[in-house]
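One structure below.
The values are calculated or read from the model by the stated rules, or taken from the named source; none is laboratory data. Source: prediction; values computed, not measured. We place every Cβ from the backbone using ideal geometry, glycine too, and count neighbours over all the protein chains shown. The accessibility values were calculated without ligands, DNA or RNA, using every heavy atom of the protein model including side chains. Shrake-Rupley method; radii C 1.70, N 1.55, O 1.52, S 1.80 Å.
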Amino acid sequence: MSPLDSLPVLDFSRLSAGPEEAAAFRNELRDAMHDVGFLYLTGHGVPQELTDAMLSVSRRFFELPEEVKLAVENIHSPQFRGYTRMGGELTDGGVDWREQIDIGVERDTVTPGPGVPDYWRLEGPNLWPEGLPEMRAVVSEWTEQLSAISLELLRALALSLGAPEDTFDAAFAAQAFPVLKIVRYPGESNPEPKQGVGSHRDGGVLTLLLVEPGKGGLQVDYQGEWIDAPQVPGTFVVNIGEMLELATNGYLKATLHRVISPLRGTDRISLPFFFNPALDATMPQLAVGEEFQAKARGVSADPGNSPILQTYGDNALRYRLRAHPNVVAAQHPDLLAD
């Protein structure tokens with residue numbers, strides 16, 4: 001039996017409840033992300049009305065006719081944005097049984113060429129579906145609020161490790177690269193478990209996950225055992241990505257996790273939000289205190305035994321190339337040779 005029954009629970013509102021409460025929150029945040037790499041976050045202040053609107057527009061997207069969803073399929077996007085049909089993504093060498101739409105930051109495209117790093121191909125516009133004009137405004141508000149929470153969490157982690165509070169600001173301030181996935185998992189387990197998403201670690205910095213009420217399926221690896229992390233009302237699941245592990249020489253932990261497909265006859269809406277730095281940012285090495293340096297585990301390799309790369313864009317592009325070979329073939333055939 002694993003010594004951990006469930007993920008730690010932290011109340012984000014303690015950061016604004018006075019110096020002592022804020023310091024205690026920061027220490028508990030640091031310890032949870034060192035030991036488990038995952039937690040439930042309460043008290044985050046995101047209005048229930050916005051959460052309801054996000055879940056509603058997500059449901060309505062998946063209810064659109066197939067031809068409307070395929071009109072914004074990611075094979076039409078050099079940025080790997082847009083809709084991924086069922087079974088169209090790979091994780092840990094297996095097919096993920098889900099459909100989803102990827103939405104990032106709307107920016108001008110960068111023309112590929114000599115001296116231009118390949119990861120700039122990820123910068124550009126989103127693909128928005130016909131018939132859901134409200135989707136853009138709701139997603140933009142969601143992204144703005146979750147980005148603010150994420151930056152506060154990073155500042156809290158920096159302080160908790162004895163580093164300046166603004167350590168991460170430069171990498172995120174001007175051109176952060178957050179990505180929202182709106183995901184639907186159809187029921188495939190019957191009752192033997194089927195892969196919703198295979199075992200993986202997130203390649204960015206920080207992930208905030210909202211799951212539809214009453215749904216489970218997320219499992220987190222803790223000391224070699226899978227811990228269930230069902231939806232808890234009013235919370236986000238927060239976890240560390242590989243770039244934050246890199247910044248702390250392994251003191252903070254990017255943890256393996258996976259998603260089990262729901263039972264047949266049911267489904268599950270999931271909204272993972274990935275808070276990432278600018279594509280050309282290199283994560284600053286935190287000047288952590290000696291007591292934490294002594295417990296740093298060093299940086300681990302990912303499940304495919306690939307090293308974590310210094311520049312965020314290199315990691316992001318590598319993940320996309322592995323997960324969406326059909327988009328690479330359609331949009332970036334020159335990268336296939338590499």
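Just checking, which of PRO262, PRO284 is modelled with pLDDT under 90 and either among the hydrophobic types (A, V, I, L, M, F, W, C) or open to solvent by 30 Å² or more (accessible area, probe 1.4 Å) (or both)?
It is PRO284.
Which residue pairs have Cβ atoms closer than 8 Å, lie 6 or more positions apart in sequence or on different chains, and pair a first residue in region 138-156 that is without any contact (Cβ under 8 Å) to a residue 24 or more places away in the chain with a second residue that is not polar (S, T, N, Q)?
Within 8 Å, the pairs are ARG155/GLU165; ARG155/ASP166; ARG155/PHE168; ARG155/ASP169.
One residue is enough: does region 87-96 have a residue meeting the conditions at pLDDT 95 or above and out of contact with any Leu (no Cβ under 8 Å at 6 or more places or on another chain)?
no
Restricting the first residue to region 240-253 and requiring it to be buried (at least 24 other Cβ atoms within 10 Å of the Cβ), which pairs with a second residue that is part of a helix (DSSP H, G or I) and among the acidic types (Asp, Glu) meet a Cβ separation below 6 Å and a spacing of at least six or different chains?
Hits for this filter: LEU252/GLU245.
Can you confirm whether region 68-82 contains a residue that is of a type in the set (Asp, Glu) and in contact with a Gly (Cβ under 7 Å, 6 or more places away or on another chain)? Steps first, please.
Here is the first cut: in region 68-82, the residues of a type in the set (Asp, Glu) are 73.
After this cut, where a residue has to be in contact with a Gly (Cβ under 7 Å, 6 or more places away or on another chain) as well, the list is 73.
Scanning region 68-82, I find at least one residue that is of a type in the set (Asp, Glu) and in contact with a Gly (Cβ under 7 Å, 6 or more places away or on another chain), so the answer is yes.
Do we have ARG85 as within 28 Å of SER261 (Cβ to Cβ), free of Cβ contacts under 8 Å to residues at least 24 places away in the same chain and open to solvent by 10 Å² or more (accessible area, probe 1.4 Å) here?
So ARG85 passes the test.
In region 265-284, how many are in contact with a helix residue (DSSP H, G or I) (Cβ under 6 Å, 6 or more places away or on another chain), farther than 16 Å from PHE62 by Cβ and part of a strand (DSSP E or B)?
Selection size over region 265-284: 2.
For region 23-46, which positions are over 18 Å from SER147 (Cα atoms), touching a strand residue (DSSP E or B) at 6+ places or on another chain (Cβ under 8 Å) and among the small types (Gly, Ala, Ser)?
ALA32, GLY37
In region 108-123, which residues are of a type outside the set (Ser, Thr, Tyr) and either touching a residue at least 60 places away in the same chain (Cβ under 8 Å) or over 17 Å from THR311 (Cα atoms) (or both)?
ASP108, VAL110, PRO112, GLY113, PRO114, PRO117, ASP118, TRP120, ARG121, LEU122, GLU123
For residues that are open to solvent by 40 Å² or more (accessible area, probe 1.4 Å) and outside any loop (DSSP other than H, G, I, E, B), tally how many sit in region 35-74.
Count: 10.
Within region 10-24, is even one residue surrounded by 20 or more Cβ atoms within 10 Å (Cβ to Cβ) and more than 27 Å from PRO213 (Cα to Cα)?
There is no residue in region 10-24 that is surrounded by 20 or more Cβ atoms within 10 Å (Cβ to Cβ) and more than 27 Å from PRO213 (Cα to Cα).
Looking at the structure I just gave you, is VAL57 closer than 30 Å to LEU122 by Cβ and in contact (Cβ under 8 Å) with a residue 12 or more places away in the chain?
In short, yes.
Give region 181-239 a look and list any residue that's among the aromatic types (Phe, Trp, Tyr), within 15 Å of SER261 (Cβ to Cβ) and open to solvent by less than 20 Å² (accessible area, probe 1.4 Å), or say none.
Answer for region 181-239, where residues must be among the aromatic types (Phe, Trp, Tyr), within 15 Å of SER261 (Cβ to Cβ) and open to solvent by less than 20 Å² (accessible area, probe 1.4 Å): just TYR185.
Yes/no matrix, rows are residues, columns are (1) among the aliphatic types (A, V, I, L, M); (2) over 26 Å from ARG98 (Cβ atoms):
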| site | (1), (2) |
| --- | --- |
| VAL220 | yes, no |
| TRP226 | no, no |
| PRO230 | no, no |
| ILE269 | yes, no |
| PRO272 | no, no |
| PHE275 | no, no |
| THR282 | no, yes |
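Would you be able to tell me the number of residues in region 130-154 that are buried (at least 19 other Cβ atoms within 10 Å of the Cβ) and assigned to a loop (DSSP other than H, G, I, E, B)?
The number of residues fulfilling the criteria is 0.
Among the numbered criteria (1) of a type in the set (S, T, N, Q); (2) open to solvent by less than 50 Å² (accessible area, probe 1.4 Å); (3) more than 20 Å from the chain's Cα centre (by Cα), which one does THR109 miss?
Result: THR109 passes all but (2).
Out of GLU49, GLU20, which single residue is of a type in the set (D, E, K, R) and over 21 Å from ALA148 (Cβ atoms)?
GLU20
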